[in-house]
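Student: Pasting a structure below so you can have a look.
The values are calculated or read from the model by the stated rules, or taken from the named source; none is laboratory data. Keep in mind the model is a prediction, meaning the values are calculated, not measured. Here the Cβ is made from the backbone with ideal geometry for all residues, glycine too, and neighbour counts use every protein chain on show.
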Amino acid sequence: MPYKPGWEAHSMTNPKTEACKDVERLFDKYIDGMITVSEYKAFRTHLHECDQCRESWMALERTVRQLKMLD
């Protein structure tokens, strides 16, 4: 099997649900500080319950922190 990045390989064995797709759409809103209270609650609840989305979120957070350090 050819190499796949972690999130991509994981998604092949654990397909994303609609809830996962909804939460991923909130990533940018969260980073930009534009997420509503109700979106935030759904976001945090889903990340608590879904390893795949939590791993994706943590990777994105690390990337954002590293990019901010370049400024």
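Student: If you check Lys41, Lys68, which single one turns out to be over 23 Å from Pro15 (Cβ atoms) and modelled with pLDDT of 95 or more?
Tutor: None of the others qualify; the one that does is Lys41.
Student: Related question: Go through region 39-71 residue by residue and tally those that are in a loop (DSSP other than H, G, I, E, B) and either among the hydroxyl-bearing types (Ser, Thr, Tyr) or surrounded by 11 or more Cβ atoms within 10 Å (Cβ to Cβ) (or both).
Tutor: Number satisfying all stated conditions: 1.
Student: Something else: Contact list please: Cβ distance under 6 Å, first residue in region 28-52 and of a type in the set (Asp, Glu), second residue in a helix (DSSP H, G or I), pairs at least six apart or on different chains.
Tutor: Listed pairs, sorted by first residue: Glu39/Leu26.
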